[in-house]
Amino acid sequence: MFIKKTIVAALLAAPAALAIATPAQAQSGGIAYANPTSVVASSKAFAAANQQISTTYKAAFDQMQQRRAALETELKPLVAQLDTNKDGKVSEEEGRAAQTAKNPAIEKIRTAQTNAQTDLARLSNPAARAELFAIESVLRQYDAAQLKVVNARKINVVLSPEVFMYAPDSANISQAITAEIDKVAPTVSIQPPANWQPSRETLAIQQQIAQAAQIQAYQQAAAAQQQGAAPAAGTAPAKPAEPR
């Protein structure tokens, strides 16, 4: 289920922090960098929170799956009206022709999608808030954890990854910060107070984690498709075309 995956399950596929394979004294001139999104996504607390969310809000996720299936069923005959050549898809030309002809199916499709999006947002909101609260709870530990790493490694400056054109792996302290957070907060609550509102930073990190999960899911699907298209074992690969 796509929405459940982006809100909970896929978020467990966190963007990996670069491994720190060199000792602390290998820091590059006392300058390091850290990625808060990677720190949060890699933390034990965030993984545990998503496991808890997937259980607590399972009924809502099931309803979301049912709603998406209902939308697909509703759209199928409407889309078929636009598919004039009956090839199973609506081309750009067919879409433009339908708009020019003011085909009523177009407005019905838009209405059905809008209604479904409203329903899905309502169903996903409690789980999304729970995840945001977990993210913000992890972030509360960030400054103290970063300070411990900075002091231990005698770092003078910590910058964001985007600032660097090049840096050795030893300059990335994201994993070390995560390890410090894991020590003091291996779990966090997913139950925000009634009047709680997430910060902009929290919202941004949730979005970045979801985007990373979607990219990873796409890459995995592409890799699986490529493997499926690979020649079977024992079958000689096709001879490459001669260069022109």
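Screening Lys148 on (1) of a type outside the set (A, V, I, L, M); (2) surrounded by 15 or more Cβ atoms within 10 Å (Cβ to Cβ); (3) in contact (Cβ under 8 Å) with a residue 40 or more places away in the chain; (4) outside any loop (DSSP other than H, G, I, E, B) shows it passes everything except condition (3).
Look at Ile155 and say whether it is touching a strand residue (DSSP E or B) at 6+ places or on another chain (Cβ under 8 Å) and outside any helix (DSSP H, G or I). Judged against the criteria, Ile155 is a match. Among the conditions (1) surrounded by 17 or more Cβ atoms within 10 Å (Cβ to Cβ); (2) at pLDDT 95 or above; (3) over 30 Å from Ala59 (Cα atoms), the only one that Ser137 does not satisfy is (3). Kindly establish whether Gln66 is assigned to a helix (DSSP H, G or I), open to solvent by 80 Å² or more (accessible area, probe 1.4 Å) and closer than 30 Å to Tyr142 by Cα. It is false that Gln66 is assigned to a helix (DSSP H, G or I), open to solvent by 80 Å² or more (accessible area, probe 1.4 Å) and closer than 30 Å to Tyr142 by Cα. Scanning region 190-207 for residues that are touching a residue at least 60 places away in the same chain (Cβ under 8 Å) and over 21 Å from the mean Cα position of the chain (by Cα) yields Gln191, Pro192, Trp196. Residues in region 169-180 include none that are of a type in the set (D, E, K, R), free of Cβ contacts under 8 Å to residues at least 24 places away in the same chain and in a helix (DSSP H, G or I). Of all residues in region 156-166, one or more are out of contact with any Ser or Thr (no Cβ under 6 Å at 6 or more places or on another chain), open to solvent by less than 60 Å² (accessible area, probe 1.4 Å) and polar (S, T, N, Q). Say whether the condition of being of a type in the set (Gly, Ala, Ser) and either at pLDDT below 95 or surrounded by fewer than 14 Cβ atoms within 10 Å (Cβ to Cβ) (or both) is met by at least one residue in region 177-188. Checked against the condition, which is being of a type in the set (Gly, Ala, Ser) and either at pLDDT below 95 or surrounded by fewer than 14 Cβ atoms within 10 Å (Cβ to Cβ) (or both), region 177-188 yields no hits at all.
The values are calculated or read from the model by the stated rules, or taken from the named source; none is laboratory data. What you see is a predicted model, and the numbers here were worked out from it, not measured in a lab. Cβ: placed from backbone, ideal geometry, glycine included. Neighbour counts: every protein chain shown. All accessible areas refer to the heavy atoms of the entire protein, side chains included, with ligands and DNA or RNA removed. Shrake-Rupley method; radii C 1.70, N 1.55, O 1.52, S 1.80 Å.
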